[in-house]
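First up is the structure itself, then whatever we jot down about it.
The values are calculated or read from the model by the stated rules, or taken from the named source; none is laboratory data. From a predicted model like this one, the values you see are computed outputs, not experimental measurements. Heads up, the Cβs are rebuilt from the backbone with ideal geometry, glycines too, and the neighbour counts pull from every protein chain shown.
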Amino acid sequence: MVSLAAVGSLLFVLPLVGLLWRAPWSQAGHELRDSSVRTALRLSLECSLSALALTLVFGTPIALVLARGSFPGKRFVRSLLTLPMVLPPVVGGVALLLAFGRNGLVGRLLFDWFHLRLAFTTTGVVLAETFVAMPFYVVTVEAALAAVDRRLEDAASSLGASPFTVFRTVTLPLVRPSVLAGAALSWARALGEFGATVTFAANVEGVTQTIPLKVYLALETNPDGAVMLSVLLLLVSIGVLALFHDRWLGGRT
C-alpha cells in the first residue's frame, strides 16, 4: 500500500519538480519588475478572493439547504448546482455569456435598467471564477453538514437558543474543518481558472488578464517567461494554502 501511495504521489510531485527545474530563475527579477505581471498577479488575487467571499456568503446557505432541506426536485437541483465541477470551463464561459452578456438573458435587462455590463469586465472575471469554484465548496460543506449529529443541535434548541445561535455556536464549529477545506479548494480553483474567464471576460491586460491568462499568452511569444509566471503562481498558491493550514487549521497534520 505504501509503494502504491508513493507511485501515485509521483504523479503530483514530478510535474512540479519539472516546472521548478526548467524555470529560468535568472529571469525572475525581470518578470517581477514587469508592470503587466504585477497587475495580472494583483487581479488574480483580488478576483479569486472576491470569488471566495461570494462563495462563502452564498455557498454556505446552499449547502445548508441541500443538507437539511426537503423539497421536490432536490436531487435535480443538487445536480444543477454542482454541474460546473464537470462542465468544460469553456462551455461554462459560453453559458455565462448567453446569460449575463450584453445581449444575454439577464445581461440585457441589467444593461437596459441599470447600465450594468458584466461581460469583458473585472466583475465578469469574479463571476466566472465564482461559477466554477463554488460547487467545490458546496459539495464539501454539504457532506459535513449531513454528518453532524442533530441531537447536539436539538439540545441547544431545547435550552432556548435561536436557530441562528445554534448554527453559529454548535453547527459551524463542528463543520469548521470542512468549511476551511472547501474554502481552500474553492479559492485554488478560482485562482487557476482559465477557460470560463477567457470566454466570458476575454483577455484584456489590466482589466481581465489574470496570471493564468497571461501564462497562456506568453507561451506563444515567450516560453521562458511563461514558465517563470507558472512558478510564480505556484509559489503564491503554496503560500496561501499554507496560510489556510497554519493559521486557521492550527497547523494540524
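A40 falls short on exactly one of the conditions (1) farther than 18 Å from P223 by Cα; (2) at pLDDT 85 or above, and that condition is (1).
Please go through the range 120-134 and give me each residue that is in contact (Cβ under 8 Å) with a residue 12 or more places away in the chain and within 20 Å of G59 (Cα to Cα), ordered by number.
Start the filter on the range 120-134 by keeping residues that are in contact (Cβ under 8 Å) with a residue 12 or more places away in the chain, which leaves 120-122, 124-134.
Scanning the range 120-134 gives G124, V125, V126, L127, A128, E129, T130, F131, V132, A133, M134.
Any residue at all in the range 129-144 that's farther than 17 Å from A67 by Cβ, surrounded by 19 or more Cβ atoms within 10 Å (Cβ to Cβ) and among the β-branched types (V, I, T)? Yes, because at least one residue in the range 129-144 is farther than 17 Å from A67 by Cβ, surrounded by 19 or more Cβ atoms within 10 Å (Cβ to Cβ) and among the β-branched types (V, I, T). Across the range 83-104, the qualifying residues are those that are of a type in the set (V, I, T) and at pLDDT 90 or above, and the one among them that is farthest from F136 (Cα to Cα) is V94.
Being surrounded by 22 or more Cβ atoms within 10 Å (Cβ to Cβ) and not β-branched (V, I, T) is the filter; apply it to the range 44-57 and report the residue that is nearest to V236 (Cα to Cα).
Let us first name the residues in the range 44-57 that are surrounded by 22 or more Cβ atoms within 10 Å (Cβ to Cβ), namely 44, 47-48, 51-52, 55.
So of that shortlist, the ones also not β-branched (V, I, T) come out as 44, 47-48, 51-52.
Details: S44: 10, C47: 14, S48: 12, A51: 17, L52: 16 Å.
Step by step, filter the range 44-57, then rank; the result is S44.
Checking each residue in the range 79-102 for being part of a loop (DSSP other than H, G, I, E, B), of a type outside the set (A, V, I, L, M) and farther than 20 Å from T123 by Cβ picks out only P88.
Would you confirm whether or not the range 103-126 contains a residue that is within 16 Å of the chain's Cα centre (by Cα) and not β-branched (V, I, T)? Don't jump to the end; show me each part of the working.
Here is the first cut: in the range 103-126, the ones within 16 Å of the chain's Cα centre (by Cα) are 122-126.
Now narrow it down to the ones that are not β-branched (V, I, T): 124.
Taking every residue of the range 103-126 in turn, at least one turns out to be within 16 Å of the chain's Cα centre (by Cα) and not β-branched (V, I, T).
Evaluating E205 against the criteria (1) in a loop (DSSP other than H, G, I, E, B); (2) within 21 Å of the chain's Cα centre (by Cα) leaves one unmet condition, (2).
Just one of R117, R108 is part of a loop (DSSP other than H, G, I, E, B), out of contact with any His (no Cβ under 8 Å at 6 or more places or on another chain), free of Cβ contacts under 8 Å to residues at least 60 places away in the same chain and farther than 22 Å from L185 by Cα; which is it? Break it down stepwise before answering.
Details: R108 fails: part of a loop (DSSP other than H, G, I, E, B).
Testing whether each residue is part of a loop (DSSP other than H, G, I, E, B), out of contact with any His (no Cβ under 8 Å at 6 or more places or on another chain), free of Cβ contacts under 8 Å to residues at least 60 places away in the same chain and farther than 22 Å from L185 by Cα leaves just R117.
Every test in (1) closer than 30 Å to F164 by Cβ; (2) modelled with pLDDT of 90 or more is passed by G73 save one, and that test is (2).
For every residue, the table says whether it meets (1) at pLDDT 85 or above; (2) touching a helix residue (DSSP H, G or I) at 6+ places or on another chain (Cβ under 6 Å); (3) of a type in the set (F, W, Y).
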| site | (1), (2), (3) |
| --- | --- |
| A147 | yes, no, no |
| G160 | no, no, no |
| L174 | yes, no, no |
| S178 | yes, yes, no |
| A184 | yes, yes, no |
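Which one is surrounded by the fewest Cβ atoms within 10 Å (Cβ to Cβ) among residues in the range 1-43 that are among the aliphatic types (A, V, I, L, M) and assigned to a loop (DSSP other than H, G, I, E, B)? Walk me through how you get there before you give the answer.
Step one: list which residues in the range 1-43 are among the aliphatic types (A, V, I, L, M), which gives 1-2, 4-7, 10-11, 13-14, 16-17, 19-20, 23, 28, 32, 37, 40-41, 43.
Those left that are additionally assigned to a loop (DSSP other than H, G, I, E, B): 1, 23.
Details: M1: 5, A23: 18.
Ranking the candidates gives M1 first.
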